[in-house]
Amino acid sequence: MAEGTTNPFESLQSQIDEAATHLEIGDDLIERLKHPERVLETNLTVERDDGELERFTAFRSQFNADRGPYKGGIRYHPQVSRDEVKALSGWMTYKTAIVDIPLGGGKGGIIIDPDEYSDDELERVTRTFATELRPLIGEDRDIPAPDVNTGQREMNWIKDTYESLENTTEPGVITGKNLASGGSEGRVEATGRSTVIAAREAFDYLGKDLEGATVAVQGYGNAGWIAAKLIDEMGATVVAASDSSGGIYNPDGFDPVAAKDHKNETGSILGYEESVEELTNEDVLTMDVDLLIPAALENAIDADLAENVSADVISEAANGPLTPAADEVLEDEDVFIIPDILANAGGVTVSYFEWVQNRQRFYWSESKVNDELEEHIVDAFDALVGTLEEHGLDNPRTAAYVVAIQRVADAFEEAGTFP
């Protein structure tokens, strides 16, 4: 981890500690809820296309299973670390709790830049990792899913590897698959969809009009561009967006789908014809807009940058895009932050629906998936604001954790302690 970078696991623990001050839960149990139950660290040795061997470090953190099997994605990124996957598995624990689905929290990752490897090499890396995960995963134990730089393809490889080794058919061992392999309708759009449903509910709660509201999206991957598309369909105006190469701006708005098509064709959002000005990612994050959607990686906004954030509402499509110190700054500025554990919970919620469909061998229509997702996100937002008002809180993130931690603690206490 780079010097000066906020440790995401410490951020998670800080968020739990803050919420705990509003809960009647013993310090001993809170301490348990701040740490993963186990973390696998493994070395994968894979043959490159040229015959050379290369070693990759990989992780799987199983944070908590008090409410159900571990659930969480697998990411491929050069910055993956042990503390990062621990933090992400913790956030997943409380994410599944706030949307009230019967799953726990897990997360995995491989330290790799997938752009530097061929498809065949990535398949060998994925299948080697799946072999290492085999004793840990299963539809009643731990159910991985896609995350940064992984998708349906990698999930299909993991499913096939597991089923081949176990000599079984078990589509529920993993979610985020394509439809032909037992995936769910609505899964690809789920994270972006929950981000904008939560934003819509926040605007309604705050008495703001979403029609014509200005929106900036930092990160134009799957969650970011879909959030942009859906918020545009709701009548808002997307005026800025960025990816790792930089950002684009048009005060009159632009077509989010056409911008995505340009990115697909060129590899970058820069140069899109409707843009009138190119920006940095920092420009996008600090733009004076009604709604900001950070949809890239964690720690995008620290305390220093938060001083210049001008958005009225932030809906966190990414995991941990704000540091705890940034939260404090923005709380003082009365920015309404829809926390990641609610805003981007659409992915895990529809993954849960996929898991249910796999278990039943009965599949739903896209409209049913979207209707069920909307109900879960709206109910979760109502629980958040109810807790916000009941406890007289100023920070929606703290309110979300109060709801989620209480639910996990209740499950633990009702089960009792073994042995």
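The values are calculated or read from the model by the stated rules, or taken from the named source; none is laboratory data. For clarity, every value in this text was computed on a predicted model and none was experimentally measured. Here the Cβ is made from the backbone with ideal geometry for all residues, glycine too, and neighbour counts use every protein chain on show. Side chains are part of the model used for accessible areas, which takes the heavy atoms of the whole protein and leaves out ligands, DNA and RNA. Shrake-Rupley method; radii C 1.70, N 1.55, O 1.52, S 1.80 Å.
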Q: For residues that are crowded, with 21+ Cβ neighbours inside 10 Å and out of contact with any Phe, Trp or Tyr (no Cβ under 6 Å at 6 or more places or on another chain), tally how many sit in the range 310-324.
A: 10
Q) Just one of the numbered conditions (1) without any contact (Cβ under 8 Å) to a residue 60 or more places away in the chain; (2) in contact with a Ser or Thr (Cβ under 8 Å, 6 or more places away or on another chain) is not true of VAL408; which one? A) (1)
(Q) Being part of a helix (DSSP H, G or I) and crowded, with 17+ Cβ neighbours inside 10 Å is the filter here; which residues of the range 262-304 pass it? (A) HIS262, LYS263, ASN281, ASP283, VAL284, LEU285
Q: Output the residues belonging to the range 360-398 that are small (Gly, Ala, Ser), without any contact (Cβ under 8 Å) to a residue 40 or more places away in the chain and part of a helix (DSSP H, G or I).
A: SER367, GLY386
Q. Going through the range 14-27 one residue at a time, which ones are assigned to a helix (DSSP H, G or I) and either over 27 Å from LEU297 (Cα atoms) or in contact (Cβ under 8 Å) with a residue 24 or more places away in the chain (or both)?
A. SER14, GLN15, ILE16, GLU18, ALA19, ALA20, ASP27
Q: Name the one entry in ALA97, ALA20, ALA87, ALA58 that is under 18 Å from the mean Cα position of the chain (by Cα), of a type outside the set (Ser, Thr, Tyr) and over 23 Å from HIS376 (Cβ atoms).
A: ALA87
Q.
Quick check on the range 186-200. Is at least one of its residues of a type in the set (Lys, Arg), over 17 Å from the mean Cα position of the chain (by Cα) and assigned to a loop (DSSP other than H, G, I, E, B)?
A. no
Q: Output the qualifying pairs, or none if there are none: Cβ atoms under 7 angstrom, residues six or more apart or on different chains, first residue in the range 309-326 and free of Cβ contacts under 8 Å to residues at least 60 places away in the same chain and of a type in the set (Val, Ile, Thr), second residue part of a helix (DSSP H, G or I) and open to solvent by less than 10 Å² (accessible area, probe 1.4 Å).
A: VAL309/LEU285; VAL309/LEU330
Q: Check ALA216, ALA228 and return the single one that is over 16 Å from LYS263 (Cα atoms) and open to solvent by less than 10 Å² (accessible area, probe 1.4 Å).
A: ALA216
(Q) Looking only at residues that are surrounded by fewer than 21 Cβ atoms within 10 Å (Cβ to Cβ) and among the small types (Gly, Ala, Ser) in the range 362-419, which one is modelled with the lowest pLDDT? (A) GLY416
Q) Among the residues of the range 28-47, which ones are within 23 Å of ARG127 (Cβ to Cβ) and part of a loop (DSSP other than H, G, I, E, B)? A) none
Q: Among the numbered conditions (1) over 17 Å from PHE56 (Cβ atoms); (2) in contact with a strand residue (DSSP E or B) (Cβ under 7 Å, 6 or more places away or on another chain); (3) among the basic types (Lys, Arg), tell me where ARG124 comes up short.
A: (1)
Q: Of the conditions (1) crowded, with 21+ Cβ neighbours inside 10 Å; (2) under 22 Å from ALA296 (Cβ atoms); (3) hydroxyl-bearing (Ser, Thr, Tyr), TYR70 clears all except one; give me its number.
A: (2)
Q) What are the residues in the range 159-178 that are of a type in the set (A, V, I, L, M) and more than 20 Å from the chain's Cα centre (by Cα), if any? A) LEU165
Q.
When you scan the range 348-359, do you find a residue that is open to solvent by less than 10 Å² (accessible area, probe 1.4 Å), assigned to a helix (DSSP H, G or I), at pLDDT 95 or above and of a type in the set (Asp, Glu), even just one?
A. yes
Q: For ALA259, indicate whether it is in a loop (DSSP other than H, G, I, E, B) and either within 26 Å of ASP147 (Cα to Cα) or open to solvent by less than 10 Å² (accessible area, probe 1.4 Å) (or both).
A: no
Q: Search the range 30-43 for residues that are more than 17 Å from ASP66 (Cβ to Cβ) and pair each with any residue that is open to solvent by 40 Å² or more (accessible area, probe 1.4 Å) and among the basic types (Lys, Arg) when their beta-carbon atoms are under 9 Å apart and the residues are at least 6 apart or on different chains.
A: VAL39/ARG82; GLU41/ARG82; ASN43/ARG55
Q: Answer yes or no: is there a residue in the range 120-137 that is farther than 27 Å from ASP243 by Cα, open to solvent by less than 10 Å² (accessible area, probe 1.4 Å) and not in a helix (DSSP H, G or I).
A: yes
Q: Scan PRO144, PRO102 and give me the residue that is surrounded by fewer than 22 Cβ atoms within 10 Å (Cβ to Cβ), touching a residue at least 24 places away in the same chain (Cβ under 8 Å), within 18 Å of the chain's Cα centre (by Cα) and not in a helix (DSSP H, G or I).
A: PRO102
